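Undergrad: What follows is a structure written as structure tokens; I'll ask about it next.
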Amino acid sequence: MNQEEKYQNDYFNYLCEPENASRYQLLLDQIRQFSPVKPIRLFDIGCGNGALAKYVDSEFLYHGFDHNPLAIASAKSKPWSNNNSQFEVSNILQWAHQTTEADQKADVLVFSSILGGVRLSTKQENILIPPQEQDLILNCIENHLKPHGLISVVTTFRYDPNDPGSLFSFATTNRKQLNGRLPLFKLSTLTETILPMPDLNKAVKRQKNKPRWFHSPRLYTDNDQGDYIAHEVCTDKEVCMGVWCSLFKRKDI
Ligand SMILES: C[S@@+](CC[C@H](N)C(=O)[O-])C[C@H]1O[C@@H](n2cnc3c(N)ncnc32)[C@H](O)[C@@H]1O
């Protein structure tokens, strides 16, 4: 199924379902806790069908970007889409090199479930490798984030609900991989939380078109040498999704 079809059918519905609310509520709470300004101008990069916009309140000025026009059309059609939320078709790989005027820059940039290379595009030639992803994030910060602005990063991983230890081991492996892609030398960590989402599978099961990760659940593990190159481990068991929500502050200014 191509990216267009995914937004024409119910493939991404689970993002907006109540079982998926906690990850957006958590990231917004993290931002509220650490943002020195109100209202908080938030840029949601790769916003998809605008699920995060469902949970923003009047403390936020929300602006969602996605390169898929059908994602943006879907986001605009949602009942919670209102004057407080704006959506724009924009390819982040180009947008990162443009500049937002100083008074329009964001107080927080949100990268939710888009980092990790393959997620950040639909076209083979646009697939990012880790160093390029670092540059992309640095350009976004430099050109679109206010001094002292915040960066919210949410990544997902799978864990085995029957093996509680797997929550932390797979979360940690996921994060080690991501850390190689983040420009950590420019970021100070403010807070981070690992969140299990055991009920999300219920929302996915209500869908006719299930996401690919659900059909072929994958767990990740370190290799024998103990370095951070992950091997995919396929499993027949039903696995759950967990998310890792981190909030950073830019370090350079
Ligand atoms: C898994 S969805 C995540 C949606 C949303 N961030 C969330 O957490 O609910 C990934 C989104 O990134 C978008 N995307 C991928 N590459 C992009 C790019 N180069 N520019 C803008 N959006 C992009 C896709 O169209 C898709 O909607």
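Undergrad: How do the strands (runs of 3 or more DSSP E) wholly within the stretch 20-135 filter down when requiring 2 or more residues that are of a type in the set (Val, Ile, Thr) and within 24 Å of residue 248 (Cβ to Cβ): which remain? Quick ask: steps written out before the conclusion?
TA: On the way: elements: 40-45, 60-66, 85-89, 106-112.
Once the strands (runs of 3 or more DSSP E) in the stretch 20-135 are filtered for at least 2 residues that are of a type in the set (Val, Ile, Thr) and within 24 Å of residue 248 (Cβ to Cβ), what remains is 40-45, 106-112.
Undergrad: Here is a further query. Would you be able to tell me the number of residues in the stretch 159-190 that are of a type in the set (D, E, K, R), modelled with pLDDT under 90 and closer than 18 Å to residue 110 by Cβ? Spell out how you get there, then give the answer.
TA: Let us first name the residues in the stretch 159-190 that are of a type in the set (D, E, K, R), namely 160, 163, 175-176, 181, 186.
Okay, now just the ones that are also modelled with pLDDT under 90, so 160, 163, 175-176, 181.
When the remaining residues are screened for being closer than 18 Å to residue 110 by Cβ, the result is 175, 181.
Final tally of qualifying residues: 2.
Undergrad: So which residues in the stretch 76-95 are of a type outside the set (Asp, Glu) and more than 9 Å from the ligand (Cβ to nearest atom)?
TA: Of the residues in the stretch 76-95, the ones of a type outside the set (Asp, Glu) are 76-87, 89-95.
76, 77, 78, 79, 80, 81, 82, 83, 84, 85, 86, 87 - these are the residues of the stretch 76-95 that are of a type outside the set (Asp, Glu) and more than 9 Å from the ligand (Cβ to nearest atom).
Undergrad: Among the candidates 103, 66, which residue alone is crowded, with 21+ Cβ neighbours inside 10 Å and either within 11 Å of the ligand (Cβ to nearest atom) or of a type in the set (D, E, K, R) (or both)?
TA: Matching residue, one of 103, 66: 66.
Undergrad: Might you check whether a residue that is farther than 22 Å from residue 137 by Cα, near the ligand (Cβ under 9 Å from one of its atoms), polar (S, T, N, Q) and buried (at least 19 other Cβ atoms within 10 Å of the Cβ) occurs anywhere in the stretch 15-29?
TA: Scanning the stretch 15-29, I find at least one residue that is farther than 22 Å from residue 137 by Cα, near the ligand (Cβ under 9 Å from one of its atoms), polar (S, T, N, Q) and buried (at least 19 other Cβ atoms within 10 Å of the Cβ), so the answer is yes.
Undergrad: Now a separate question. Please go through the stretch 30-51 and pick out each residue that is within 16 Å of residue 111 (Cα to Cα) and either among the charged types (D, E, K, R) or within 11 Å of the ligand (Cβ to nearest atom) (or both).
TA: 41, 44, 45, 46, 47, 48, 49, 50, 51, listed by residue number.
Undergrad: Another one. Among the residues of the stretch 46-84, which ones are within 18 Å of the chain's Cα centre (by Cα) and hydroxyl-bearing (Ser, Thr, Tyr)?
TA: 55, 62, 74
Undergrad: Scanning the stretch 3-14 for residues that are away from the ligand (no atom under 11 Å from the Cβ) and part of a loop (DSSP other than H, G, I, E, B), which turns out nearest to residue 199 (Cα to Cα)?
TA: First pass over the stretch 3-14, keeping only residues away from the ligand (no atom under 11 Å from the Cβ): 5, 8-10, 13.
Now restrict to residues that are part of a loop (DSSP other than H, G, I, E, B): 9-10.
Details: 9: 22, 10: 18 Å.
Filtering the stretch 3-14 for residues that are away from the ligand (no atom under 11 Å from the Cβ) and part of a loop (DSSP other than H, G, I, E, B), the one nearest to residue 199 (Cα to Cα) comes out as 10.
The values are calculated or read from the model by the stated rules, or taken from the named source; none is laboratory data. Predicted model only: the values in this text are computed from it and were never measured. Backbone-built Cβ (ideal geometry, glycine too); neighbour counts: all protein chains shown.
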